[in-house]
Amino acid sequence: MKCNPNPTNPTATEKDKRKKKKSLLTWLINNLWELRENITSGLAKDGYSYKYDISLPHENFYACVEVLRQHLCHLPVIRVCGYGHIGDGNIHLNVTSKAYNKEVLQSIEPFIYEWTAKVGGSVSAEHGIGFKKRDAVHFSKSSRAIALMHQMKNMMDPNGILNPYKVLPELPVSN
């Protein structure tokens, strides 16, 4: 083994090794992102995708997919997979089938929302509530929290022009 008499001045071989490691790391990062970006188009090849954007405690990430697979095992489902932002607890949960199937949808919802609430997660993660989940907010938020959200919305948007009819469910009418 050759010793470098001056460790603060790396030899050409050491520089070459560092360059190769950096190159490999860059390749891995680029390929990882490419894989991530192609998941949606890959799932689309199955046919129809039921998509959920939820947040969960980290220890429930894997269980979420397994529990939903088991729950749907008697239905014409091709795949249940989850991927996403493990660092912040968000998961993109996808269920695929050859075509849209009302029975599959009715079996997923409200089951996945109930399970998510049971483990301390939220029915909404990075993509928000929107039209599709506004009536599912109650699985993750109390009536008091929803009422407070309405108060804040009314205070900041008294004319209701920002995202009308989105985000919040209707409040029950009190007599």
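The values are calculated or read from the model by the stated rules, or taken from the named source; none is laboratory data. Computed from a prediction, not measured in an experiment: that's the story for all the values here. FYI the Cβ positions are ideal-geometry reconstructions off the backbone, even for glycines, and counts take in every protein chain you see.
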- Every listed condition ((1) in contact (Cβ under 8 Å) with a residue 12 or more places away in the chain; (2) over 22 Å from K141 (Cα atoms)) holds for E66 save (1)
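Quick check: anything in the range 56-64 of a type in the set (D, E, K, R) and either modelled with pLDDT of 85 or more or surrounded by fewer than 12 Cβ atoms within 10 Å (Cβ to Cβ) (or both)?
Yes, the range 56-64 has at least one match.
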- Query: How many residues does the range 67-108 hold that are part of a helix (DSSP H, G or I) and either of a type in the set (S, T, Y) or under 18 Å from S122 (Cα atoms) (or both)?
  - Reply: 7
- Restricting the search to the range 71-98, which residues are more than 17 Å from V119 (Cα to Cα) and of a type in the set (S, T, N, Q)? N94, T96, S97
- Task: Filter the range 138-158 down to the residues that are assigned to a helix (DSSP H, G or I) and not hydrophobic (A, V, I, L, M, F, W, C), then identify the one that is nearest to the chain's Cα centre (by Cα).
- Result: H138
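May I ask you to say which residue of V137, V95, V104 is at pLDDT below 90 and not aromatic (F, W, Y)? It would help to see each step written out before you state the result.
Values: V95 fails: at pLDDT below 90; V104 fails: at pLDDT below 90.
Exactly one residue qualifies, and that residue is V137.
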